Structure formats: C-alpha cells, structure tokens
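Let me begin by presenting the structure, written as structure tokens, before commenting on it.
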Amino acid sequence: MKKFRPTPAQRKALSLIKSKTKHILLFGGSRSGKTTLLVMVIIFRAIRYPGSRHLICRLRLKDAKSSVLHETLLPWLEHTIGSKRYKLIRHENFIQLYNGSEIWIGGLGDREQVDRILGHEYNTIYFNEVSQISYHAVTTAYSRLAMKIPGCRNLFLYDCNPASPLHWAYKVFIRKIDFKTDTPIVKPEMYESMLINPEDNLLNLADDYIEDVLDILPERQKARFRHGLWVKSDGCIYDRFEESMIIDPNDLPEMEYYTAGQDFGLNMAAVKIGYNKDKVYIVKDHGGHNITTRTFNTQLTERNWFKDDMPVYCDPAGGERIQEITGGQKANNAVDPGIDYINSLIERNRLLISSECTGVLSEIWDYSRDEDDKIIKVNDHYMDALRYGVFTGAQSGIILS
Ligand SMILES: Nc1ncnc2c1ncn2[C@@H]1O[C@H](COP(=O)(O)OP(=O)(O)OP(=O)(O)O)[C@@H](O)[C@H]1O
Ligand SMILES: [Mg+2]
C-alpha cells in the first residue's frame, strides 16, 4: 500500500483547507499536484465522516471520468483503503465506501447530468478545472452543499490552470470582488486561493517534464502552465481587446437604438447592444444555467431588457425556443465573418463594453482557437450571443455607418 505524502506546497494547501474558509481555489501550472491533493481531501473526508456525500464535477462528465476518476480517484482509493472497501457504481458514476460515504462524479455542462448530480445534497463540492465552467453553473450548484453530518464542516473546493485576468475566478478569488458588481465581496475571508506550480511537485514528475515540455511552450501558454499566471490565452480571438475598452456604465451615452443576441443551451446567455454614432456599446448581459427559455425570458423582462422593436438575434439552432424570446428572430450564424466584423470594430476602437457585462468580459480573453485554428468550444456562450447581436445587426443594414 502506498502512503500519500503531500509535497510541501500540498501541505500548505492542506492547512488552508483546514482553516475556517469555505471556498478554496488551488490554481497554477500543470502537473503541480492540485487535483491529487483535492481528491485526497475528499477521500479523507469520506473516510472520516461515515455516511457523508461528496461531489467532484467538471464541465464534461467524460473529462471528469478520464482525468479525475480514472487517473486520480480510483488509484488513490486503491492505495489508501484498497479495492475491497469501496465499490464503483459504474452506471451511476459514483463510488460507495465501506462506511456508507459516497463520492459522486459529474459534468455541470451536460444537460442529462445536471439534474442527476444536483438532485442530492453534499458535504463537499469540488469544481475541477473551473477555468472552463461558467459562474452560473458553479453558483447553481451552491445550494446543494447542504448535507448535515455531525462534526463535518462543508466545503467548496476549486482548481484550475489560470485563465485570463477577466475570468470570474480571478475576480472572486484573487481580487475578491463580486462577479456581477465589481464591489468588494461580502465575507472575503471565506474565499482563499493558493498558487501551486510544477516545481512544487518535482518529486512526482518525470525528470524532463518542466524543461522539455513546459519550457518550450509558446509565451502565454508558458506563463499559464509553467508559472501559473493569469494572462490572455494563446490564440485569443479578440486579442486586440484592451482593458481601456471597458467603460463605466455611468459613462454610457444615450443610445440611438439597440439590438440583442441570444444563445440557447444548458447555459443561457444574452447580450444587449446599444448604438451611438459610429460606436457599438455592449451595455448589459445576462446568463442562466439549467433554466427554461420561458423562465429566462421572464428574467430578462424583469430586468427591463427589452426595448420597443429591439430585434433579438437568436442562435438559429434554437428552433422553437426563438419564439419564446420577446422580439426573437434568427441570427446570422456565419462564424468567421462575424468574428472578423467584431475584430474590425475592436481595431478601430468602435466597440466598448460596460464593466457590468461580466459574462462577456469573463470570456473575451479566453475565447480562442487551438493549434488547428478551430475555435475551442468551451466558455463561449456570451461570445456567441455577442456575435449574433452585433453581426446580424450589421448584416441587416441596421448599422448605417
Ligand atoms: N503527493 C503526491 N504523491 C505522489 N504523486 C503525486 C502527489 N501529488 C501529485 N502527484 C502526481 O503528480 C502528477 C500531477 O498531479 P495532478 O494531476 O494532481 O496535478 P494538477 O496540478 O492537477 O495538474 P493539471 O494542471 O494538469 O490538472 C500526477 O501524476 C500525480 O499522481
Ligand atoms: Mg488537475
């Protein structure tokens, strides 16, 4: 049997977890031991508190299964308690321990998954690789941290490789400001984070991993995966977008007219766009997770979203859902022309984004292409809504300039 020996950095993270904090994020370069430590914390807690229940979730169940369940959780269960003392209930994706505790695995981005995993209460919820998960998806899970086991302090755990400095996790955990309002968060002491990098895990890495793999990465990837820095992504699609293009909502001019963009799915995202002279202003956004189109439209109405005759350009794949959105009509979904158009606005300094549009901002510097020039379909809901709203408007000749 192999004993778990935490690295000095993992030991430090452990004491953070044992402090009175409720939300703990471990962020940093790749292979630094983040996931192993958080999985071990869950195993310890499951053993220590008989009958407790714990959830490990990622964006996609298949990634949770391959990288967390098979690479980390099962091997460490094997090393620590041995195969006779736990059982994997394969079709349900959970593990039952000898003492009645359960460890569930799920994907918050998979529709058929969400109701299943959020149908239970837990003592620990661990969000793995939160750079990919929307803030709405994370917060819908919050109410499920409600299981009561005597002596057990319930915890939210998070890990990720750093994303862009506009990402929600950077705001909440590093800047300690509210995701929506940018004001200081209530009870900042409840949110703690720790940087942990590959050199903190040298003992458990192949000799040449840092030199041969991480050191030769392109600049920004190296910043993220070697040094754990929050920077724009490599292959960033809206690379020329700068922080100076974020505008205070009080400084928005009177608009001549508006359009909106609407993306459907498990993550709903809406973006409202105002036009003044030759400038395009992203004035508001709104998101939801795992709610019906009708409910979402009601929320928009309550937020005074709709303006007379404002066209809402919707994801054309939305089918009948388009009719449930006030002013809904099909958007032009030409991806590359849409992106080129938005980039041309950015380059001419004609696109400004209100600081209240935290969904759009949270995605804009992570929205990127992979080595094969394909758009990475993660964290792109607001980016789609933005494109539908801005580009279809321009195509329809609404933008006269
Ligand atoms: N305390 C430990 N004892 C033995 N091996 C460990 C320990 N901590 C981490 N490792 C090993 O180091 C490697 C990287 O660990 P892990 O997957 O936890 O890193 P990570 O920071 O989550 O990486 P990524 O950023 O790629 O998700 C794995 O092979 C893991 O088994
Ligand atoms: Mg990991």
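Laboratory data are not the source of any read-out in this text; all were calculated from the coordinates shown. Because the structure is a prediction, the values reported are computed rather than measured. So basically every Cβ, Gly included, is an ideal-geometry build from the backbone, and we count neighbours across all protein chains shown.
Summary table
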item: Cα-based helix-to-principal-axis angle, 293-302 vs the chain, degrees rounded to 10; result: 60 degrees
item: Helix 8-18 vs. the chain, principal-axis angle (Cα, 0 to 90°, nearest 10); result: 80 degrees
item: The stretch 1-54: chymotrypsin sites (Phe, Trp or Tyr not before Pro) in DSSP coil with no more than 15 other Cβ atoms inside 10 Å; result: Phe4
item: Loop-located trypsin sites (Lys or Arg not before Pro) in the stretch 328-369, at most 12 other Cβ atoms within 10 Å (DSSP); result: Arg348
item: Rough spin-label spacing in nm, given labels placed 7 Å along Cα→Cβ, for Lys87 and Lys277; result: 7.2 nm
item: Interchain or long-range residues, amide H under 5 Å from Thr7's placed H; result: none
item: Sites Lys3 and His227, calculated FRET efficiency, Cβ-Cβ separation with R0 35 Å, nearest 0.05; result: 0.70
item: Quarter of Cα convex hull surface for the chain, i.e. mean projection, nm²; result: 20.4 nm²
item: 13 Å reach of a label modelled at Asp336, 7 Å along Cα-to-Cβ, counting backbone N of the stretch 356-382; result: 373-375
item: In the stretch 174-261, the GluC sites (Glu not before Pro) that fall in loop regions by DSSP, at most 14 other Cβ within 10 Å; result: Glu242, Glu254, Glu256
item: Distance between modelled label sites at Asn349 and Ile149, nm, 7 Å Cα→Cβ extension; result: 5.8 nm
item: Cα principal axis extents for the stretch 306-401, largest first, Å; result: 40, 31, 26
item: Distance (nanometres) between label positions extended 7 Å along Cα→Cβ at Thr139 and Arg11; result: 3.9 nm
item: Computed Kirkwood radius, in angstrom, where 1/r is averaged over Cα pairs of the stretch 104-218; result: 16.6 Å
item: Using alpha carbons only: equivalent-ellipsoid semi-axes of the stretch 8-225, gyration tensor based, whole Å; result: 26, 22, 17
item: Calculated diffusion of the stretch 243-395, Stokes-Einstein form, Kirkwood radius summed over Cα pairs, 10 °C and 1.306 mPa s, µm²/s; result: 103 µm²/s
item: Computed magnitude of the charge dipole of the chain (debye, nearest 20; Cβ of K, R +1, Cβ of D, E -1); result: 2220 debye
item: Space enclosed by the convex hull of the alpha-carbon atoms of the stretch 144-296, per residue, Å³; result: 197 Å³
